[in-house]
1. Along the Cα→Cβ direction, 7 angstrom out, place labels at Arg49 and Ser93. What is the inter-label distance in nm?
2. If you take every residue apart from Glu210 with its C-beta less than 12 Å away from the C-beta of Glu210, what net charge results, scoring Lys and Arg +1 and Asp and Glu -1?
3. Could you name the aspartates and glutamates whose alpha carbon sits less than 15 Å from that of Lys55, not counting residues in the same chain fewer than 8 places away?
4. With +1 on each Lys and Arg Cβ and -1 on each Asp and Glu Cβ, and nothing else charged, work out how big the dipole of the chain is about its Cα centre, in Debye to the nearest 20.
5. Can you tell me the orientation of helix 44-53 relative to the chain, as the angle in degrees between its alpha-carbon axis and the longest Cα principal axis, to the nearest 10?
6. Where nothing but the Cβ of Lys and Arg (+1) and of Asp and Glu (-1) is charged, how large is the charge dipole of the range 12-134 around its Cα centre, in debye to the nearest 20?
7. Using +1 at the Cβ of each Lys and Arg and -1 at the Cβ of each Asp and Glu in the range 137-233, identify which of Cys196, Val141, Leu171 lies farthest towards the dipole's positive end.
Amino acid sequence: MSSPGVPLPTVGRALLLSSDSTAVRQLSYGMQLFAITADICTDLAAASRIINTRKFEIIVVDLALGEQVPHLLERIRFSPANQKSVTFALVESGSRAEPPVQPNFIMQKPLTDGLVGSTLKAALGLVIRDYRRYFRCPATVPLVFRMPGEAPVSCQTVNISEGGIAVHTPLALKPGAVVRAKFTLPDEPTEFDIDCEVSWYDNQGRAGLEFLSVSAEQKLILQLWLSHRIEQGLPEHVARMFQKPS
């Protein structure tokens, strides 16, 4: 197994399961342009072990490796680490082979630079959208929460995600308790006033608050704010690919 060097900051990691040196070279080069690190594997047993233990944003499976390869796509969907991975199947031109589990993308060989580039751009859009769902953006802003019948408590946020927020709090919180939290996002004037459930609390005064009631308008504001923060972390040349022309 080998890992071609990628000098740029990485957006994600891909697993290329193929022994076709031409296709591997084309895909590896295309992924470098999108700042994706590519690991290459030609051994099915090794690939199965890797998929069960390591997280990949993209997995490419070449059906030419044998009859057992299509079932690897099925295994990916049951892998705790990679069930959300964007999957590719490489097929020979004119082939009617159909994997038991439909991949996100099917690419016919021989590959072209245009096909690789356009498909990877579409795949990266899916990667970023999925990443936003569990992305926790570090952010320190004031937050006030109130428990029923109690005085308001001031604290600081630690990070913000699409589904909740982590805070440093002077008050010990019991998991399962419901609180009402008020805060604003950095550089965003809209005040959030949301019912939350305490999902965890540790002995260092940190707690996780899971959002229970987010309006459609607030959810959109939060998603756009998180997407903007993710874009800021992308390599500049990759971020430009997703910017709308002015």
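All of the numbers you see were taken from the coordinates with simple rules; none came from a lab. All values derive from a computational prediction rather than experimental measurement. A quick note on method: Cβ atoms are made from the backbone with ideal geometry, for glycine too, and the neighbour counts reach across all protein chains shown.
1. 3.8 nm
2. Numbers: positive: none; negative: Glu162, Asp195, Glu197.
Value of the local net charge: -3.
3. Qualifying aspartates and glutamates at Cα under 15 Å: Asp39, Asp130.
4. Details: 24 positive and 24 negative charges, 27 e Å.
It works out to roughly 120 debye.
5. Around 10 degrees separate the two axes.
6. On the way: 14 positive and 11 negative charges, 117 e Å.
Its charge dipole is roughly 560 debye.
7. Going by the Cα projections, it comes out as Leu171.
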